[in-house]
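Quick notes on the structure that follows.
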Amino acid sequence: MERDPYKTCKKCDLQQIWIPQEIWRNLLTRLPIRCLMRCRCVCKSWRNLIEGDQFATPKQFMAFVNQDMTGYAVADEDGQPLFQFYWPPYSTSHHRLVISSVNGLLLLWDGLDDNRDILFIANPMTCEYTELPPLPTRRCLYGFGVSKLSGQYKILCVDESRFSHVYTLGGESASSWRRILAPLTTRLPTTKPLWDSVTLRPSLDYAVFLNGNIHWVACDLENNFLVCCFDLETELFTSFPLPSLDVRILIHPEDKRSVFLYLGYRLCILEDQLCLCDTSYPRNAAKIWKMHNYGDASSWIKEYDFKSPTYYTTPLKVLTNGELLFTGHGGLFIYSKNTEAYDVRGFLQQYCYYYFPSTTIYIPSFLSLKTLGIHNVQSLCFY
């Protein structure tokens, strides 16, 4: 027996057409992201559809820091802002970074002053954010990911000490960071751009997340570069070599210790594979290596080698036509292997802090921070 496509509203006695949930879900997924956020407030049935497990928003956007430093923004692949948000108090004096994004959650860094740094977790789709406990150290390397089995979201903080620190969102010890012993055989290099012969930068950097592990560039006791991994499930450290690189070493004029040109080597994720972007030498040259078999050091293959229009090349994604989308100095560029040339795609009103670009690929989701057991959830402000 077929279902009657009409039903009568009990409040107004008017007939309304009945539409299957599958059709509503298909229609809602076609809406612009800002409209989708508003549709959650129309009725409970729409809210349940949008926040349900079967609802998917496969579109990828970009999250970045505004150039005026007043807050954060989400834009499309052409650099057109979709919405902008911040949290009170409203201020232009802060230094900010977008560190990474996992399942629609953003890890954001805010340097309020010279004595205090703060990390935030935010989901602009649900208009939620939470401030993490005070950091155990300053100017360290940050990583954000989710464990494979338990599904716990964790933040990793690595500095030059013998210990690293882990914070679990919504965990039993959510009021503080946990200290774990770091490997004695690896360390963070000092950050320094090749063309800057004087200024040394603090080790403020961030790692990338893939296959349940957080990855970053480190070096061993013999000054060899490698990839250091942190398994979010077991909380154990491992490492594997980088491809053969032309490593250039400078000597610190005061303590005579080795200073690596660390800013030239940055990890990234392209097509769900671990990649290394090498912009160390020569200037404006970009070489991107891809690890085709995860964890196999012999599977590094050079995928791109081109002259970049910017010093700080940050690969973002490979487009459906095989072209590479990357950013630097606020510009969005596309490199084509076929023409061996790049074109300007658009511009981001992007802010860079200590030479670190602040743009990440962002896939929206309606994962609520409250469902993760987080209690100090607050509301974002939009403008």
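The values are calculated or read from the model by the stated rules, or taken from the named source; none is laboratory data. Quantities reported herein were computed from a predicted structural model and do not represent experimental measurements. Note: ideal-geometry Cβ built from the backbone for every residue, glycine included; neighbour counts use all protein chains shown.
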- [ ] With the condition kept exactly as written, say whether any residue in segment 122-135 is at pLDDT below 90, closer than 18 Å to LEU380 by Cβ, among the aliphatic types (A, V, I, L, M) and assigned by TED's automatic domain parsing to the domain that holds HIS375.
- [x] yes
Task: Boolean, LEU367 is crowded, with 19+ Cβ neighbours inside 10 Å, of a type in the set (A, V, I, L, M, F, W, C) and touching a residue at least 24 places away in the same chain (Cβ under 8 Å) - done: no
TODO: Scan segment 307-317 and give yes if some residue there is among the charged types (D, E, K, R), out of contact with any Lys or Arg (no Cβ under 6 Å at 6 or more places or on another chain) and modelled with pLDDT of 90 or more, otherwise no.
DONE: yes
Task: Filtered residues of segment 195-215 (kept if modelled with pLDDT under 75 and hydrophobic (A, V, I, L, M, F, W, C)) - done: TRP195, VAL198, LEU200, LEU204
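Here's the yes/no breakdown for (1) in a loop (DSSP other than H, G, I, E, B); (2) crowded, with 19+ Cβ neighbours inside 10 Å; (3) assigned by TED's automatic domain parsing to the domain that holds PHE144:
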{"residue": "ILE288", "(1), (2), (3)": "no, yes, yes"}
{"residue": "GLY295", "(1), (2), (3)": "yes, no, yes"}
{"residue": "ILE301", "(1), (2), (3)": "no, no, yes"}
{"residue": "TYR311", "(1), (2), (3)": "yes, no, yes"}
{"residue": "GLY322", "(1), (2), (3)": "yes, no, yes"}
{"residue": "LEU325", "(1), (2), (3)": "no, yes, yes"}
{"residue": "TYR335", "(1), (2), (3)": "no, yes, yes"}
Open item on the list: Out of everything in segment 327-365 that is modelled with pLDDT under 85 and of a type in the set (Phe, Trp, Tyr), what residue ends up being farthest from the chain's Cα centre (by Cα)?
Closed with: PHE347
Task: Filtered residues of segment 172-194 (kept if surrounded by fewer than 16 Cβ atoms within 10 Å (Cβ to Cβ) and at pLDDT 65 or above) - done: GLU172, SER175, SER176, ARG178, ARG179, ILE180, LEU181, LEU184, THR185
Open item on the list: If I filter segment 216-274 down to residues being in contact with a strand residue (DSSP E or B) (Cβ under 8 Å, 6 or more places away or on another chain), among the hydroxyl-bearing types (Ser, Thr, Tyr) and modelled with pLDDT of 90 or more, which single residue comes out as farthest from LEU149 (Cα to Cα)?
Closed with: SER239
